[in-house]
Amino acid sequence: AKEQGQNKYNVYHSGMNIHSYRSFLIQNDLRKAIERDEFYLVYQPRVNLLTGDVTSAEALIRWNHPVWGAIKPEEFIPIAEETGLIIDIDQWVFENVCKQINQWKENELSLQNIRIAINLSAQHFIEKDFLANFINIFNKYKIDSNNIEFEITELVILRNEEAVQQTLQSIKELGIKLSLDDFGTGYSSLTYLRNFPFDSIKIDKSFIDDLPINLNNSKEIIESVIFLANKINMSVIAEGVETIQQLDHLKTIGCEEVQGYIFSPPVQSDQFIQYVKSNERQ
Ligand code: C2E
Ligand code: CA
Ligand code: CA
Ligand code: CA
């Protein structure tokens with residue numbers, strides 16, 4: 001769905017079809033969504049298969065539209081990316097994750113060392129003050145870099161190698177972990193990744209979906225990704241794991257970390273705390 005929505009609709013005109021009209025309205029309402037407090041965050045645990053612990057989670061944005069109700073990120077994130085609004089949105093996400101981390105630090109012992117992964121759109125990497133803005137927020141909330149991780153997609157590294165590599169290096173030097181999202185859906189190979197300071201790669205759900213019947217040799221592909229990733233000191237997270245069969249496959253091929261509905265969907269803070277606590281007791 002990321003490829004969709006390349007057209008820009010800045011003005012409404014009568015020739016628009018219903019689909020582009022909705023995009024037009026979404027685009028307008030997105031501009032106001034932050035000040036109207038219509039966004040909120042959900043967290044999806046990642047479970048370490050060796051220890052059973054929740055060591056990290058991914059923060060995902062949700063939009064509660066006053067008229068349409070929940071609008072999926074798959075629909076509004078591409079529009080936000082086209083219009084540049086994604087810069088403000090991701091900054092909102094980062095700031096609110098920082099607030100949440102501080103609140104957990106004060107009230108929730110079990111979440112003191114949790115690491116929260118934030119999705120960063122490729123757009124940031126062409127913005128000059130992107131890192132400075134994030135560091136400001138980071139300092140404002142006195143966040144420990146161990147509590148933060150950034151997820152970026154291959155689009156970022158395919159863009160402009162020099163500048164991007166420098167930014168990624170700076171992030172790394174701040175002590176923030178980096179993971180490569182949606183691995184396998186684009187063009188990058190693991191040897192190419194050696195030049196970038198990633199701590200982990202997230203194997204895209206499309207490979208996991210193929211697992212039970214081993215369609216397209218997905219099992220072998222995932223197995224060799226895990227093998228090679230470990231050789232270059234990166235860990236692997238399997239995304240979108242839904243069934244016991246998939247989980248069993250992943251265990252046998254040595255996958256360390258799993259994120260998916262089998263453990264928990266993305267949930268709000270209260271439910272997330274409950275999940276982590278019930279997991280600890282097992
Ligand atoms: P993503 O970064 O690949 O996030 C993973 C998506 O897979 C999430 O969808 C999550 O709810 C979903 N998922 C996780 N486990 C399962 C599973 O077992 N089965 C199924 N069917 N789905 C699962 P979500 O939250 O709808 O987000 C969709 C995409 O929107 C994200 O894909 C990401 O590209 C974008 N997005 C979401 N939140 C943010 C954000 O705060 N900033 C930016 N820049 N992008 C975001
Ligand atoms: Ca992600
Ligand atoms: Ca992903
Ligand atoms: Ca995705």
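Every read-out reported here was derived from the displayed coordinates using simple, explicitly stated rules and does not represent laboratory data. Nothing here was measured: the structure is a model prediction, and the numbers come from that model. Glycine gets a Cβ as well: all are built from the backbone with ideal geometry, and neighbour counts include every protein chain shown.
Worth pointing out:
- Distance histogram for region 76-208 (every C-alpha pair counted, 5 angstrom bins, percent rounded to whole numbers): 2, 9, 19, 22, 20, 15, 8, 3, 1
- Neighbour cut-off at most 10 other Cβ (10 Å), DSSP loop, trypsin sites (Lys or Arg not before Pro), region 74-138: Lys128
- Net charge contributed by nearby residues that have their C-beta within less than 14 Å of Ile116 (K/R +1, D/E -1): -2
- Largest mean-square fluctuation among Glu58, Glu239, Glu75, in a Gaussian network model of the chain whose springs join Cα atoms under 10 Å apart, belongs to Glu75.
- Rounded to two decimals, the Cα radius of gyration of region 29-113 over 2.2 N^0.38 Å is 1.27.
- Ranking Thr51, Leu193, Trp92 by how far each Cα lies toward the positive end of the dipole of the chain (charges on Cβ) leaves Trp92 at the top.
- Comparing Leu158, Leu178, Ile148 along the charge dipole axis of region 142-190, the residue lying farthest to the positive side is Ile148, per the Cβ-charge model.
- Counting DSSP beta bridges with both ends in the chain, the antiparallel % (nearest 5): 40
- Choice from Ser264, Ser179, Ser188 showing the highest fluctuation, given a GNM over the chain with Cα pairs closer than 10 Å: Ser188
- Amide H contacts under 5 Å for Glu151, placed H, 5+ residues apart: Ile118, Asn119, Leu120, Ser179
- Cα convex hull volume per residue for the chain (Å³): 147
- For region 59-128, applying the loop criterion from DSSP together with a ceiling of 16 other beta carbons within 10 Å to the chymotrypsin sites (Phe, Trp or Tyr not before Pro) yields Trp68.
- Those lysines that a straight Cα-Cα span of less than 18 Å connects to Lys205, excepting residues fewer than 8 apart in one chain: Lys2, Lys72, Lys219, Lys251
- Dipole magnitude (debye, nearest 20) for the chain, charges at Cβ of Lys, Arg, Asp, Glu: 300
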